[in-house]
Amino acid sequence: MTIGWEALGETLELGPQALVSFVGGGGKTTAVFALGRHRAGRTVITTTTKMGVERTGGHPVLIDVDDVELGRALDDHRCVVAWHRLDDRRAVGVSPETCDRWLGLADTVAVEADGSRRMPFKAPLEYEPVIPSASTHVVACVGMGAVGVSIAEGCQRPRQVAAVAACRESDELTPERLARVLLSPAGSRKGVPTSARFSVLVNRVTDTDGEVVDQLRQLLGDVPLVAIADLPDDRLPDVV
């Protein structure tokens, strides 16, 4: 069964206060803005890496804001975007410690905690991802476009993906290999705090992907899998 982006927060079983870090491949930016649009309460959208400066979702943008200024902004606006600074066409994110602290000011802190250069799947290098230690939820994102094609074609960091999956870069990313990377502490579970709830989000799921999604869900065992329908762009929350 697939859901729409509007049901993401409920499906992830977020509590009244949540610090949600999105890692991995495609869907992270859409996910943080989906929470910003549909989550009740005061929400901060941010990154611990970099984002495109055009990705604001129409929300107020705060640069190098202190806690007092952030609190005032959240009094006036249900959702804000907060970055450390601007660097050319990229927004440079805040520190993980800042995200931890902001959880005391907001009901939801939605963090893009990884980069993938718009590729649907990846495995991390030694300095990736950048996950705040107070994260209540960590969500590994996968675009369906990575499944069923070669790792070299469908993944960022294909050498790392192949190494964790114990195969070659030219090999197909099967559900079995994908699950191996998703569950590995050298893959999608790298740096996940022990207290955080770990989930997998598979996005751009079409009607023909049901068998693959069901197979992946079985391979993941106790790890929850959220499947997001492949909605037209004009129905997505803000960005892809």
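Only helices enter the 222 nm calculation for the chain: every DSSP H run of n ≥ 4 contributes -39,500 (n - 2.57), and dividing by all residues gives -7000 deg cm²/dmol, rounded to 500.
Roughly what % of DSSP beta bridges within region 5-229 run antiparallel, to the nearest 5? Present the calculation step by step, with values, prior to reporting the outcome.
Details: 7 of 41 bridges.
Percentage antiparallel, nearest 5: 15.
Modelled spin-label separation between A152 and S195, with each label point placed 7 Å from Cα along the Cα-to-Cβ direction: 4.5 nm.
If you work out log10 I(q)/I(0) by the Debye sum over Cα atoms at q = 0.11, 0.13 Å⁻¹ from the coordinates, which of [x] -0.74, -0.92; [y] -0.51, -0.72; [z] -0.62, -0.83 do you get? Recomputing log10 I(q)/I(0) by the Debye sum over Cα atoms at q = 0.11, 0.13 Å⁻¹ here picks out [y].
How high is the FRET efficiency from Q17 to R85, r the C-beta distance, R0 41 Å, rounded to 0.05? Before the final figure, lay out each step's value.
On the way: r = 27 Å, r/R0 = 0.66.
It comes to 0.90.
The residues V200, V68, V213, when put in order of fewest to most other Cβ atoms within 10 Å, stand as V68, V213, V200. Cα centroid separation, region 148-208 to region 108-139: 13 Å.
Does region 21-109 classify as rounded, prolate or oblate by the C-alpha gyration tensor (a ≥ b ≥ c root eigenvalues; a/c under 1.5 gives rounded; else a/b over b/c gives prolate, otherwise oblate)? Walk me through the numbers on the way to the answer.
Working: a/c = 1.41, a/b = 1.18, b/c = 1.20.
Since a/c stays below 1.5, the shape of region 21-109 is classed as rounded.
No lab work stands behind these numbers, since they all come straight from the coordinates. Predicted model only: the values in this text are computed from it and were never measured. Note that we place each Cβ from the backbone using ideal geometry, even for glycine, and neighbour counts take in every protein chain shown.
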